């Protein structure tokens, strides 16, 4: 797939994010090359999830632009969606569909080329194969999270945006995820991940989001309005 | 195209396994229509006179019943985010979801309508027209309703708000639906009414998916 090209580059320039009336971060720059990884760090509310949603295309940046190989992402949203996998806080598991049906639906929707073999491989990889015929409502939180993560392998895409992927996962599953991320990067993929837990992501660049929080004027103004803002 | 069928297939499967929505909509339709003979008395000529209006108003309310669930479940479990992030245009996915909604609610209403028409002593000349107006009108209701459902996503008491938004927009469908049946019963030509209903369906088909998708994107921000 051409998007896995070794010279691919995903970058953002001067990104700003506005949530409600609050500027969460501003003038944020990043650049990621094929095989790279970016670890988002920062306290609660510093904008890690907002940045990931912005990178996925769910949020529009208040300022700045995102580029893929120096082409603005906004020019072709659908091409961007095809390159990106986003794993957020919700697992999007339908209670009445089986594990297999859930995963097969998302894989087919993301890339029609993704066949049964890839879906089966992804289930195997995340240790869900014996649960394939179990309806989603019977899964534990960790199993749902693994099913959500299995989408990453069932329909290959070069950019993985993971918002605290290790929540609810046991140690063995975290190890497996680390191995999958390493393999994905070796194939020329990119990983952008936010976490509060320990995760092994060798050679990852770190982005401390609290450094991009706009300082004095905004915050002073808000503080003047009373504490119910927080 | 395979993606469009993919989402229709999934939504139909969800509806079949959860079961409740179609049954609820049809039951509401039947029960409410059955109330009318009790309310206005069993005189055949009065029932015959109001039958087309009663059927259409009740069908309209029934099809609105299930609207607030159209996107709500997907919104709550995060599926909507993923749908918005697939390489398929969201407008197309909206169309798929509306198609599934019509198949599980509009179509059962259409099947139930002639039976209830007999109950209300509707003139047999109106039956074919009743079915045709339902066939053209109920998909329009689903399309317009989806727009309202997307707009109230995430709002508290969304159901009430939804009916306030959507019911006024249903009025043209109601007028021409009832008008066509009345014309048929009186032996007048019904082409004009049906063409206008068809025109409204085409307009809704072309316009509402854009509005619905825009409202969904807004809700996800």
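The values are calculated or read from the model by the stated rules, or taken from the named source; none is laboratory data. Since we're looking at a predicted model, the values are computed, not measured. Here Cβ is always computed from backbone atoms with ideal geometry, including for glycine, and neighbour counts include all displayed protein chains.
Values as computed for the structure displayed
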quantity	calculated
Wholly enclosed strands (runs of 3 or more DSSP E) of the stretch A:1-87 bearing at least 3 residues within 25 Å of residue B:3 (Cβ to Cβ)	A:84-87
The one condition in (1) farther than 22 Å from residue B:207 by Cα; (2) more than 14 Å from chain A (Cβ to nearest Cβ); (3) at pLDDT 90 or above that residue B:42 fails to fulfil	(3)
Condition met for residue B:149 (touching a residue at least 24 places away in the same chain (Cβ under 8 Å) and surrounded by 23 or more Cβ atoms within 10 Å (Cβ to Cβ))	yes
Residue in the stretch B:75-86 that is assigned to a helix (DSSP H, G or I) and within 26 Å of residue B:132 (Cβ to Cβ) present	no
From the options A:82, A:56, A:62, A:74, residue that is within 14 Å of chain B (Cβ to nearest Cβ), more than 13 Å from the chain's Cα centre (by Cα) and within 17 Å of residue B:80 (Cα to Cα)	A:82
Meets criteria (away from chain A (no Cβ under 14 Å), under 17 Å from residue B:212 (Cβ atoms) and in contact with a helix residue (DSSP H, G or I) (Cβ under 8 Å, 6 or more places away or on another chain)) for residue B:140	yes
Unmet criterion (only one of (1) over 30 Å from residue B:19 (Cβ atoms); (2) within 14 Å of chain B (Cβ to nearest Cβ); (3) surrounded by 16 or more Cβ atoms within 10 Å (Cβ to Cβ)) for residue A:173	(2)
Among (1) within 13 Å of chain A (Cβ to nearest Cβ); (2) buried (at least 17 other Cβ atoms within 10 Å of the Cβ); (3) modelled with pLDDT of 90 or more, the one test that residue B:88 misses	(3)
Test: residue in the stretch B:20-34 that is assigned to a helix (DSSP H, G or I), within 14 Å of chain A (Cβ to nearest Cβ) and surrounded by 15 or more Cβ atoms within 10 Å (Cβ to Cβ)	yes
Residue in the stretch B:7-17 that is more than 14 Å from chain A (Cβ to nearest Cβ), without any contact (Cβ under 8 Å) to a residue 24 or more places away in the chain, surrounded by fewer than 20 Cβ atoms within 10 Å (Cβ to Cβ) and assigned to a helix (DSSP H, G or I) present	no
Verdict on residue B:94 being more than 11 Å from every other protein chain (Cβ to nearest Cβ), closer than 26 Å to residue A:73 by Cα and in a helix (DSSP H, G or I)	yes
Candidate set: the stretch A:105-118, residues that are more than 7 Å from chain B (Cβ to nearest Cβ) and in contact (Cβ under 8 Å) with a residue 40 or more places away in the chain; chosen: the one surrounded by the fewest Cβ atoms within 10 Å (Cβ to Cβ)	A:111
Residues located in the stretch A:85-97, provided they are more than 8 Å from chain B (Cβ to nearest Cβ) and without any contact (Cβ under 8 Å) to a residue 60 or more places away in the chain	A:95
Qualifying position, being assigned to a helix (DSSP H, G or I) and within 14 Å of another protein chain (Cβ to nearest Cβ), among B:59, B:113, B:117, B:100	B:100
Failed condition for residue A:130, given (1) at the interface with another protein chain (Cβ under 10 Å from one of its Cβ atoms); (2) part of a helix (DSSP H, G or I)	(1)
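Residue-wise test of (1) touching a residue at least 40 places away in the same chain (Cβ under 8 Å); (2) out of contact with any strand residue (DSSP E or B) (no Cβ under 6 Å at 6 or more places or on another chain); (3) within 14 Å of chain A (Cβ to nearest Cβ); (4) within 20 Å of residue B:102 (Cβ to Cβ).
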residue	(1), (2), (3), (4)
B:158	yes, yes, no, no
B:174	yes, yes, no, yes
B:191	no, yes, no, no
B:196	no, yes, no, yes
B:211	yes, yes, no, yes
